[in-house]
Amino acid sequence: MLTNAIKGVKDILPEDVRRWRKVESAARDIFAVYGFSEIRTPIIENTVLFARSIGATSDIVEKEMYAFKDHGGDEITLRPEGTAGVVRAYIEHKLYAKNPVTKLFYAGQMFRRERPQAGRLRQFHQTGAEVLGASEPSVDVEVLAMLSDLFKTLGIKGVELQINSLGCADCRPKYREALKAYLMKRYEQMCPDCQRRIETNPLRALDCKSEHCKAATSYAPAMADYLDDGCRGHFAKVKEGLDDLGIAYAVNPRMVRGLDYYSRTTFEMVAVDKAGAQNAVAAGGRYDGLVEELGGPATPGIGFAIGMERLILMLPDEGEAVSGPALFIAAIGDEAGCLAQKLAHDLRKSGVWVELDYSGASLKSQMKKADRLGSRNVLIIGGDELAKGAAVLRNMQTKEQADVLIEGLADRLIKRLV
Ligand code: HAM
């Protein structure tokens, strides 16, 4: 218990962090040229925020939230996603009054109590972006262009952009009713979860993994046939815009998404593995009613979140590119040790990566350590050298070595190593 992290939660070890930083810095660079600013919202929020936004009948709210009563009796939840908190902050700080269109991005831990497996964790990380205040289809295109730029920059292969339209508050209820009537006729064939959801959330039956539900819904009515003129026109313009930018996509009419706040455009970047299983690496969509639902002024919104663990699993392998320290100082004896510490301090202040030996080991074992660390140079300071006011500088690649004067050495090394 003491030495194991809890189930579904992972340490990110130093050797993995390089890949994380690569993705994080590429995302920041790309978000910046699209004009997005970073927002950092709390990891805990009032439980009601998620129930109202993601939907009380969604899987996340029904089964997956880390929700608890704190010592003061407040109902608190560890955020299962980022959009609700961003929208809450947008309303709370009246960001809508500052700019007609607000573009925000965020990155951080999310929490869902799911069954852990590869790429599915209980604490995972999302990097997401949201645009608030613009309903035009060109904004949907821009958000998708930004997401696909990032995937391209990172060299991610084997993903497909799938899009759909879920209609709006006017046309979706008619579709829901039609779907409900269709599913009621097939009630016996469906899994218990979907039987229960026919009343509360019938659209979820369309992406149920059960073979029975897949068969039962194979001829179900499609949202596309129920879109009103506004939604149909909006979706057509999104597709046109993607075509104009040469962004490939597939329309997936069965994509319903697991969160209730969506309207109109929804999308997923789907990775298809060797076994044909589909896995969303990033997902998002439009949520034109959410700001108002949470008590803000009627404001359209659209955004996405990338599942960082899933994306990092897909990064092309670039081999080990970690370089070692610029200098290792091998010091023999106390006096040399003191000098080594001072030199290291001066060099580090100037940005040179220096390593020392702390154990007072033999020269041979210090040289071994320098080698293991991949040091590019070793400075040897021993009793004999010190008496002459000199040290030995060895280039570990060429194996050349030369005597160097200790007087003024820090400055000379800085010039050479920075
Ligand atoms: P979501 O589809 O629930 O959407 O999650 C987005 C992505 O987070 C998923 O595609 C997946 O890559 C990753 N993800 C979700 N759950 C897990 C998990 N248990 N372990 C690892 N990765 C996971 C949202 O969260 C929306 N807030 C996206 C959005 C932003 N829509 C509009 N704006």
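The values are calculated or read from the model by the stated rules, or taken from the named source; none is laboratory data. Given the structure is predicted, the values throughout are model-derived calculations rather than measurements. In this analysis, Cβ positions are derived from the backbone assuming ideal geometry, glycine residues included, and neighbour counts consider all displayed protein chains.
Quick rundown of the values:
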item	result
Scope region 106-126; condition part of a strand (DSSP E or B) and on the phi < 0 side of the Ramachandran plot; matching residues	TYR106, ALA107, GLN109, MET110, PHE111, GLN117, ARG120, GLN123, PHE124, HIS125, GLN126
Qualifying residue in region 338-347 (condition: within 30 Å of GLU142 (Cβ to Cβ), modelled with pLDDT under 95 and more than 16 Å from the ligand (Cβ to nearest atom))	no
CYS168, sole failed condition from (1) surrounded by fewer than 21 Cβ atoms within 10 Å (Cβ to Cβ); (2) under 25 Å from GLU309 (Cα atoms); (3) more than 12 Å from the ligand (Cβ to nearest atom)	(2)
Residue count, region 271-287 (criterion: touching a Phe, Trp or Tyr at 6+ places or on another chain (Cβ under 9 Å) and over 16 Å from GLN162 (Cβ atoms))	1
Top-ranked residue in region 5-59 [being of a type in the set (Ser, Thr, Tyr) and under 30 Å from ILE198 (Cβ atoms); ranked as surrounded by the fewest Cβ atoms within 10 Å (Cβ to Cβ)]	THR57
Residue tally, condition surrounded by 21 or more Cβ atoms within 10 Å (Cβ to Cβ) and small (Gly, Ala, Ser), over region 224-278	2
Residue, surrounded by the most Cβ atoms within 10 Å (Cβ to Cβ), within region 70-88, restricted to residues that are part of a loop (DSSP other than H, G, I, E, B) and more than 10 Å from the ligand (Cβ to nearest atom)	ASP74
Counted residues, region 206-234 - those being within 28 Å of VAL141 (Cα to Cα) and at pLDDT 90 or above	15
Output for region 172-200, where each listed residue is out of contact with any strand residue (DSSP E or B) (no Cβ under 8 Å at 6 or more places or on another chain), among the basic types (Lys, Arg) and in contact (Cβ under 8 Å) with a residue 12 or more places away in the chain	LYS174, ARG176, LYS180, ARG186, ARG197
Checklist (1) more than 15 Å from the ligand (Cβ to nearest atom); (2) in contact with a Phe, Trp or Tyr (Cβ under 7 Å, 6 or more places away or on another chain) applied to THR102, failing item	(1)
Test for LEU294: is it crowded, with 16+ Cβ neighbours inside 10 Å and out of contact with any strand residue (DSSP E or B) (no Cβ under 9 Å at 6 or more places or on another chain)	yes
Residues that are in contact with a helix residue (DSSP H, G or I) (Cβ under 7 Å, 6 or more places away or on another chain) and farther than 20 Å from MET308 by Cβ, drawn from region 13-53	GLU45, LEU49, PHE50, ALA51, ARG52, SER53
Evaluation of LYS237 against (1) closer than 19 Å to VAL139 by Cβ; (2) within 11 Å of the ligand (Cβ to nearest atom) (one fails), failing number	(2)
Exclusive hit being touching a Leu at 6+ places or on another chain (Cβ under 8 Å), within 14 Å of the ligand (Cβ to nearest atom) and either in a helix (DSSP H, G or I) or closer than 18 Å to THR299 by Cα (or both), set ALA129, ALA145	ALA129
Selection count where residues are over 13 Å from GLY295 (Cα atoms), of a type in the set (D, E, K, R) and in contact with a Leu (Cβ under 7 Å, 6 or more places away or on another chain), scope region 82-111	0
Top-ranked residue in region 375-404 [being loosely packed, with under 14 Cβ neighbours inside 10 Å, of a type outside the set (Val, Ile, Thr) and not in a helix (DSSP H, G or I); ranked as modelled with the lowest pLDDT]	LYS388
Pair list, Cβ < 6 Å and 6+ apart or interchain, from region 47-64 residues that are farther than 16 Å from ARG257 by Cβ to residues that are surrounded by fewer than 19 Cβ atoms within 10 Å (Cβ to Cβ)	THR47/ALA67; THR47/GLU75
Matching option when the condition is more than 16 Å from the ligand (Cβ to nearest atom), under 29 Å from GLU268 (Cβ atoms) and modelled with pLDDT of 95 or more, among ALA298, ALA305, ALA326	ALA298
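Residues checked against (1) free of Cβ contacts under 8 Å to residues at least 60 places away in the same chain; (2) over 17 Å from ALA169 (Cβ atoms); (3) among the acidic types (Asp, Glu):
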residue	(1), (2), (3)
LEU242	no, yes, no
GLY246	yes, yes, no
ARG257	no, no, no
TYR261	no, no, no
VAL270	no, yes, no
GLN278	yes, yes, no
ALA282	no, yes, no
ALA298	yes, no, no
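Yes or no, residue by residue, for (1) among the charged types (D, E, K, R); (2) surrounded by fewer than 22 Cβ atoms within 10 Å (Cβ to Cβ); (3) out of contact with any Ser or Thr (no Cβ under 9 Å at 6 or more places or on another chain):
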position: PHE105; (1), (2), (3): no, no, no
position: ARG112; (1), (2), (3): yes, yes, yes
position: GLN117; (1), (2), (3): no, yes, yes
position: PHE124; (1), (2), (3): no, yes, yes
position: ALA129; (1), (2), (3): no, no, yes
position: GLY133; (1), (2), (3): no, yes, no
position: VAL139; (1), (2), (3): no, yes, yes
position: GLU142; (1), (2), (3): yes, yes, yes
